[in-house]
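Before any comments, here is the structure.
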Amino acid sequence: MSSPEIELRKLARNLLERKVVDLVIGYEDSEAGVRPCFIKEPGEVEKLVWNPDCRLSLVRYLRGFKEKKVGIVAKGCDGRAIVELIKENQLDRKNIFIIAVECNGVYKPVKYGSSKTRRQMAEYCEKCEVRVSPIKDYLIKSDEKALEEKIPKGDVEDLDWLSLFRKCLRCMACVRSCPFCYCTECSIEGFKPALVHRLVDPVELFTFHLIRAIHMAGRCVECGACESSCPVEIPLTRLYHELNEWFRENYGYVPGLNLEQAPPPLVFKEGEKP
Amino acid sequence: MGLSPYVPKPVKIVRIKEETPDTKTITIGPKPFDFIPGQFAMVTVYGVGEAPFSICSTPSDNNLQFSIRKMGSVTTAIHEASPGDEIGVRGPYGRGWPLGEMRKRDILLVGGGIGFAPLRPLLLHLLENSNKYGRIAVCYGARSPSLLMYRDEFGEWMERGVELYLTVDVGEGDWKGNVGVVTTILDKPNLNKAETIVCTCGPPVMIKFVLKKLVELGYSEENIYASLESKMRCGIGKCGHCHFGGKHVCVDGPVFRYDEIMELPRGISPF
Amino acid sequence: MRMFSITEESLKVFLRELSLKHVLIAPFERDGYFEFDVLKNPDVINLNYTNTRLSPKRFFLPQRQLVFKHYPRKGFTEEPKEYSSFVLFGIRPCDASALSVLDNILLSPPYKDASYENRRKNAIVISLSCTKPMAECFCNVFETGPIRGMGEDLTFTPTRSGFIVEARTPRGVSVIEEFGKLFRKADGEMLEEYSRLISKVLDEMNRRLKVDKTRLIRIEKEAGEEFFQLNAQRCIECSLCSFACPLCYCFETEDCLEKDSYVRFRGWDTCISPLFTRMASGLDPRVTKADRLCHRFCHKLSRIPLAFNAYGCVGCGRCVSLCPAGIDIREVLKKWG
């Protein structure tokens, strides 16, 4: 057991015993791999783990516990997502106890039918500059690290996005794992008449991904939840990173760094031209 | 029908009648298939979608009728259609009312709101063959008098010997009848309770209280049947949408006997 | 006699000739994972692959397919009638067994799923045995592998000296006859190796997970709230488990307009989605995530067995590995099996 884990369990036990929080959302180990767990009793804290396989952002689960006090294990990107969601009035800061864990990159998942079983650091972690959550109630230092092995990659323009999106199964794993996809009805389902005919033409899936990409611009914190959940390995984070860069250049805004700077789309400046 | 059981047959709308403020009865014809009262058909509005509807005309009619409440995209499209338009239909699907069991017995029909639609073909069939069956009583309730369907037929039904009891949750206008939920009039029909076959359809909460009350009143559990509803995409037990606790509503239902209903998982079971 | 053998060289010739005569679908590597697709060049086939990321069910139940086109002006409805024939080579025994279960369900009277029947009729399925099952695999539980499956026409099993080939159906025998010169009758030694291999790999898997599958039908009656609520908290309601599953067959339809016709498509659906049972009136017989999760497992492990004398899970392990939230059907098996 690593020392960050010991510290994490001690903290979780303390928070639950003193009833500072109703539950702690963290990661546990299982036969199927590291997965989210929801600790409600101090006796369960021994389940908690921390290692570079803790990749799925837990922030998406916060919207299920809006009325509760929740302790959440947050990497740098997860903390940024919380910041951004507080600014969008989706979360209440005083209900969240952020257990910031220093993150040095997570592994790209080796999934069923992967032809390469060597472990590599996820591509989006290489670009990451925020290893610790910008807002926190407790910081756990850690030097747990994914092996840094560069994945060869081209420019985002070089990718054939149409053929990548053609592989899309519309399984919604990207949407459902994303901290920011909190719409109760997604453009791809539930609308009558349909916004996107998901069964009709694969090209319509391109429309769906464009809708999603536009909504992620200037919000995505590049936590990679979508990309690591995707069964057909569409490098979505690369697309959103590119959009974020465009946003940074044009508006000087980087999502999730602080609670003060308002997201540009929510601000109206007098004399501003559309 | 062609190769695939999922392909509807195009039929013309003959007539559209406004039944209540939110319900229209469409007549389509000529009817492409024969059916048993209580069975349903999948109705397609081309380009919009397909949904299951109870057939509400009598089996001896040359046309098919459906009473359709405006709810989602398909029903809205049907409400906007006009006579002469083409819609698709396939069926008949499911298990209808147990006509064989009803021979020589008294029959009680209990309906709630639009839930009377699957009971109407049964009632009309019983009236057409009244020598084969015992007395017929109908208890029918709706939220308000204007939501009672088939009002213009009530007189004829009574003339032909039906004991008809009506009730509304909230009275309005010149309503002089009973006010209260349908369970408040269930004790009125004068029937041989132990031998009577009861058929009921309506919203799940109504079915729940009707079944309870019927058993309290002394009707026999093995003679009580209810028609349930569910989302469906195929109507033939393949698409999985109406699969609950090992039963497909489309194949094993929509008409279930009391004991079968009690075994269904919560949610689809009114209990 | 239905046991044959083929050398590795002859297998290459077999695949080459197969690809010339038929549409050949086989496993190969693409974008970092194994996948089935139509192959013109059989040299790219990977015979040592683990299993494909997504199940080969899509060749029989495509993710989206046309149901009909209706031409209002011409007043007729057109439906796809005949699907092209193909050879599916190298499918793993678990996935082949899934096809046999699907046959039970989709072709059960009185109505047959016509497009599935047609595709199935026109396909030759050749399986490739697993001698090194993956960590996620548990086909031993349902006896759907690892060496022999249930729905294939031919079973190819790698041995030290080539492949043992078992013809499982008359169609399989006719394939052997068609390419007769490449196959030899299997000798006694090979047959012995075959049966040794079957019990060896099975033993290995049984040491990992041993479940009495006949006890699983208890889940319907004994499914407590706690287990499913715990996992429902985790479940993110994506459709990955159903879409990756070689056996999930539920479908959704969608209508739309084209230039001169109305069309209906059908495609995969999932019972995990909150929209699966919600009616237009807003009424939903299955509201909670825990109920939906429970339905998924009960359907596979209790209701399909009761109705069709087969199990709704073949132990391929895809849902275990691909679930972003780590929901593990093996925990269900251990708890109720």
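The values are calculated or read from the model by the stated rules, or taken from the named source; none is laboratory data. Note that the structure is predicted; figures quoted are calculated from it, not measured. As a convention, Cβ positions derive from the backbone with ideal geometry for all residues, glycine included, and neighbour counts pool all protein chains shown. With ligands, DNA and RNA removed, areas are computed over all heavy atoms of the protein, side chains included. Shrake-Rupley method; radii C 1.70, N 1.55, O 1.52, S 1.80 Å.
Going by the structure shown, is C:PHE163 at pLDDT 90 or above and in contact with a Phe, Trp or Tyr (Cβ under 8 Å, 6 or more places away or on another chain)?
Yes: the conditions hold for C:PHE163.
Within the range C:51-70, is even one residue open to solvent by less than 20 Å² (accessible area, probe 1.4 Å) and over 23 Å from A:PRO202 (Cα atoms)?
yes
Looking at the range A:223-239, which of its residues are in contact (Cβ under 8 Å) with a residue 60 or more places away in the chain, surrounded by 24 or more Cβ atoms within 10 Å (Cβ to Cβ) and either more than 16 Å from A:TRP161 (Cβ to Cβ) or within 13 Å of another protein chain (Cβ to nearest Cβ) (or both)?
Across the range A:223-239, the qualifying residues are A:CYS223, A:GLY224, A:ALA225, A:GLU227, A:SER228, A:SER229, A:PRO231.
Being part of a strand (DSSP E or B) and at the interface with another protein chain (Cβ under 7 Å from one of its Cβ atoms) is the filter here, so list the residues in the range B:222-271 that pass it. Outline the logic, then answer.
First, the residues of the range B:222-271 that are part of a strand (DSSP E or B): B:224-227, B:243-244, B:247-248, B:254-257, B:266, B:269.
Those that are part of a strand (DSSP E or B) and at the interface with another protein chain (Cβ under 7 Å from one of its Cβ atoms): B:HIS243, B:PHE244.
Take the residues of the range B:92-112 that are within 14 Å of chain C (Cβ to nearest Cβ) and open to solvent by less than 20 Å² (accessible area, probe 1.4 Å): which is nearest to the chain's Cα centre (by Cα)? Step through it out loud before you land on a result.
Narrowing the range B:92-112 to residues within 14 Å of chain C (Cβ to nearest Cβ): B:92-95, B:112.
The next check asks that each one be open to solvent by less than 20 Å² (accessible area, probe 1.4 Å); those that pass are B:93, B:112.
Working: B:TYR93: 14, B:GLY112: 9 Å.
Result: B:GLY112.
Could you grab the pairs with beta carbons closer than 7 Å, sequence gap of 6+ or different chains, first residue in the range C:32-46 and facing another protein chain (nearest Cβ under 10 Å) and over 16 Å from C:HIS22 (Cα atoms), second one of a type in the set (Ser, Thr, Tyr) and part of a strand (DSSP E or B)?
C:GLY32/A:SER114; C:TYR33/A:SER114
Looking for whichever is among the aromatic types (Phe, Trp, Tyr), more than 16 Å from C:CYS235 (Cα to Cα) and touching a Leu at 6+ places or on another chain (Cβ under 8 Å) here; the options are C:TYR311, C:TYR262. Which one fits? Talk me through it step by step, then tell me what you get.
On the way: C:TYR262 fails: touching a Leu at 6+ places or on another chain (Cβ under 8 Å).
Among C:TYR311, C:TYR262, only C:TYR311 is among the aromatic types (Phe, Trp, Tyr), more than 16 Å from C:CYS235 (Cα to Cα) and touching a Leu at 6+ places or on another chain (Cβ under 8 Å).
Do any strands (runs of 3 or more DSSP E) lying entirely in the range C:64-105 carry at least 2 residues that are farther than 30 Å from C:VAL141 by Cα and within 14 Å of chain A (Cβ to nearest Cβ), and which ones are they?
By residue number, C:64-71.
Looking at the range C:308-337, which of its residues are farther than 17 Å from C:SER97 by Cα and more than 14 Å from chain A (Cβ to nearest Cβ)? Spell out the reasoning first.
Taking the range C:308-337 as the starting set, the residues that turn out to be farther than 17 Å from C:SER97 by Cα are C:320-337.
The answer is C:TRP336, C:GLY337.
Which numbered condition trips up C:GLN233, out of (1) surrounded by 21 or more Cβ atoms within 10 Å (Cβ to Cβ); (2) more than 24 Å from the chain's Cα centre (by Cα)?
(1)
Can you name the residue in the range A:112-148 that is closer than 28 Å to C:LEU47 by Cβ and at pLDDT below 85 and, of all such residues, is most open to solvent (accessible area, probe 1.4 Å)?
Filtering the range A:112-148 for residues closer than 28 Å to C:LEU47 by Cβ gives A:112-120.
If we keep only those that are at pLDDT below 85 as well, we get A:116-118.
Numbers: A:LYS116: 116, A:THR117: 107, A:ARG118: 154 Å².
Looking at residues that are closer than 28 Å to C:LEU47 by Cβ and at pLDDT below 85, I get A:ARG118.
For residues that are touching a residue at least 60 places away in the same chain (Cβ under 8 Å) and open to solvent by 10 Å² or more (accessible area, probe 1.4 Å), scanning just the range B:203-222, find the one that is nearest to the chain's Cα centre (by Cα).
Filtering first and then ranking leaves B:PRO203.
Go through the range C:254-274 residue by residue and tally those that are open to solvent by 30 Å² or more (accessible area, probe 1.4 Å), assigned to a loop (DSSP other than H, G, I, E, B) and either touching a strand residue (DSSP E or B) at 6+ places or on another chain (Cβ under 9 Å) or more than 25 Å from A:GLU204 (Cβ to Cβ) (or both).
Here the count works out to 2.
Please pick out the residue among C:SER302, C:SER281 that is of a type in the set (Ser, Thr, Tyr), more than 15 Å from C:ILE219 (Cα to Cα) and either part of a loop (DSSP other than H, G, I, E, B) or away from chain A (no Cβ under 14 Å) (or both).
C:SER281
Which residue out of B:THR184, B:THR167 is open to solvent by 20 Å² or more (accessible area, probe 1.4 Å) and in contact with a Ser or Thr (Cβ under 7 Å, 6 or more places away or on another chain)?
Details: B:THR167 fails: open to solvent by 20 Å² or more (accessible area, probe 1.4 Å).
Every option except B:THR184 fails the conditions.
Out of all the residues in the range A:240-257, which are more than 23 Å from A:ARG176 (Cβ to Cβ) and either free of Cβ contacts under 8 Å to residues at least 12 places away in the same chain or among the polar types (S, T, N, Q) (or both)?
A:GLU245, A:ARG248, A:GLU249, A:ASN250, A:GLY252, A:VAL254
Between B:SER73, B:SER60, B:SER82, which is surrounded by fewer than 23 Cβ atoms within 10 Å (Cβ to Cβ), of a type in the set (Ser, Thr, Tyr), within 12 Å of chain C (Cβ to nearest Cβ) and more than 16 Å from the chain's Cα centre (by Cα)? Break it down stepwise before answering.
Values: B:SER60 fails: within 12 Å of chain C (Cβ to nearest Cβ); B:SER82 fails: within 12 Å of chain C (Cβ to nearest Cβ).
Checking each option against the conditions leaves just B:SER73.
Just to verify a result, which residue in the range A:21-50, among those that are of a type outside the set (A, V, I, L, M) and away from chain C (no Cβ under 14 Å), is surrounded by the most Cβ atoms within 10 Å (Cβ to Cβ)?
Residues of the range A:21-50 that are of a type outside the set (A, V, I, L, M), as a first pass: A:22, A:26-31, A:33, A:35-38, A:40-44, A:46-47, A:50.
This time we only want the ones that are away from chain C (no Cβ under 14 Å), so: A:42-43, A:46, A:50.
Numbers: A:PRO42: 17, A:GLY43: 10, A:GLU46: 14, A:TRP50: 27.
Looking at residues that are of a type outside the set (A, V, I, L, M) and away from chain C (no Cβ under 14 Å), I get A:TRP50.
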